[in-house]
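The values are calculated or read from the model by the stated rules, or taken from the named source; none is laboratory data. On a predicted model such as this, the values are computed, not experimentally measured, just so you know. FYI the Cβ positions are ideal-geometry reconstructions off the backbone, even for glycines, and counts take in every protein chain you see.
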Amino acid sequence: MKKFFALLSLGLAALGCSVFSSPAAKPGPSPAPVIQASPTLTPIPVPALTADQLKNASYQLVFQDSHKTVQLTNGVYQNGTDPASPDYADVTLAEPMAFGDLNGDGVGDAAVLLAENYGGTGVFVSVVAVINQNGQPVQSGAQTIDDRPILNSINIQNGQIFLDATVHGPNDPGCCPNQPIKETYRFINGKLVFTSVVTKTANGLDRVVTIDSPAEGSSASWPLTVTSKVSIAPFENNLVYSVFDADNNQIANGPFLVNADQPGGPGIFSLPLDLGSAGISGPVRIQIEDSSPADGSILALGSVTVIIK
């Protein structure tokens, strides 16, 4: 009997613990996962070209028939020591240099003056566009200037190269250029092209072609009319127009007359153009040129780029 009551007491105690014990706590919400934000990569700016890079870059020769590429060291390349040798070459970077953005990518490019001598007295100078490709100089177009020109200044502004020099006129001896000239170039689709040329007459007057309409960068459609003026009427009042497409291919060219009251005085013209039948659209560059009847050199040049719709 005592054993029975002992077992009964233990059972009731166990039942009481089961009935009156605190209920198990419900699990709380799981914490939100922590998402680590990816670090923002700051683009590394491309450094502008330096004079030291330009003096130690490779260049394709402009005046040599084979146009071979040479490596400059401290601004100089020389092949051979005897100027009478057929393979002699002395190539230097002339001063000054110019720095600025030429292709609109916001990175510092450059323009240099490359002087080439192959024996004899001739030193043939070109202006060379050097484009910045990931911090490295790459030659990207050139225009010849003259044999032994006097180089006054070169600079880059608003994507254009401005050159001030003195070159040979038709009657100047090789030693002594006497023709002041101001040339403007723009780098377009891998080529360096003229956008303006101004020279002076013997009595110091500027020869200028000014295009009044259409405006630079404006939209237009065929047919269109180019209105312009010249500060000095050309020989026999003849000018030449050229039209270039976006790839710098010449798609139209021809002579036309300027209206001038007297020979050598100021003149005006209206030039109608219609290339609609050829399906020409997009950017086109219209160039007006006054050339020397003596040697074909450019006396004055003006240009305008329009977008054909």
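Screening I232 against (1) in contact with a Pro (Cβ under 8 Å, 6 or more places away or on another chain); (2) in a strand (DSSP E or B) leaves a single unmet condition, (2). Exactly one condition in (1) of a type in the set (G, A, S); (2) over 28 Å from G190 (Cα atoms); (3) assigned to a loop (DSSP other than H, G, I, E, B) is not met by G217; state its number. In the conditions (1) of a type in the set (G, A, S); (2) over 28 Å from G190 (Cα atoms); (3) assigned to a loop (DSSP other than H, G, I, E, B), G217 misses (2) alone. From the list A165, A202, A252, the one residue that fits, being part of a loop (DSSP other than H, G, I, E, B) and either over 23 Å from I286 (Cα atoms) or touching a strand residue (DSSP E or B) at 6+ places or on another chain (Cβ under 9 Å) (or both), is A202. Quick one: is F244 touching a residue at least 12 places away in the same chain (Cβ under 8 Å), out of contact with any helix residue (DSSP H, G or I) (no Cβ under 8 Å at 6 or more places or on another chain) and more than 26 Å from D172 (Cα to Cα)? Considered against the rule, which asks whether it is touching a residue at least 12 places away in the same chain (Cβ under 8 Å), out of contact with any helix residue (DSSP H, G or I) (no Cβ under 8 Å at 6 or more places or on another chain) and more than 26 Å from D172 (Cα to Cα), F244 comes out as yes. Against the conditions (1) within 28 Å of M97 (Cα to Cα); (2) surrounded by 15 or more Cβ atoms within 10 Å (Cβ to Cβ); (3) of a type outside the set (K, R), N248 satisfies every one except (2).
Let's see how each residue does on (1) in a strand (DSSP E or B); (2) assigned by TED's automatic domain parsing to the domain that holds F99; (3) loosely packed, with under 14 Cβ neighbours inside 10 Å:
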residue: N132; (1), (2), (3): yes, yes, no
residue: A142; (1), (2), (3): yes, yes, no
residue: N152; (1), (2), (3): yes, yes, yes
residue: I156; (1), (2), (3): yes, yes, no
residue: G169; (1), (2), (3): no, yes, no
residue: C176; (1), (2), (3): no, yes, yes
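Selection over region 97-124 of residues that are exposed (fewer than 14 other Cβ atoms within 10 Å of the Cβ) and touching a residue at least 40 places away in the same chain (Cβ under 8 Å) gives a count of 3.
Listed here are the residues, each with its yes/no results for (1) closer than 21 Å to K200 by Cα; (2) not in a strand (DSSP E or B).
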position	(1), (2)
E236	yes, yes
F256	no, no
E289	yes, no
D295	yes, yes
T305	no, no
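Taking region 97-122 as the range and being within 23 Å of the chain's Cα centre (by Cα) and either assigned to a loop (DSSP other than H, G, I, E, B) or not assigned by TED's automatic domain parsing to the domain that holds D147 (or both) as the test, the residues that pass are D101, L102, N103, G104, D105, G106, V107, G108.
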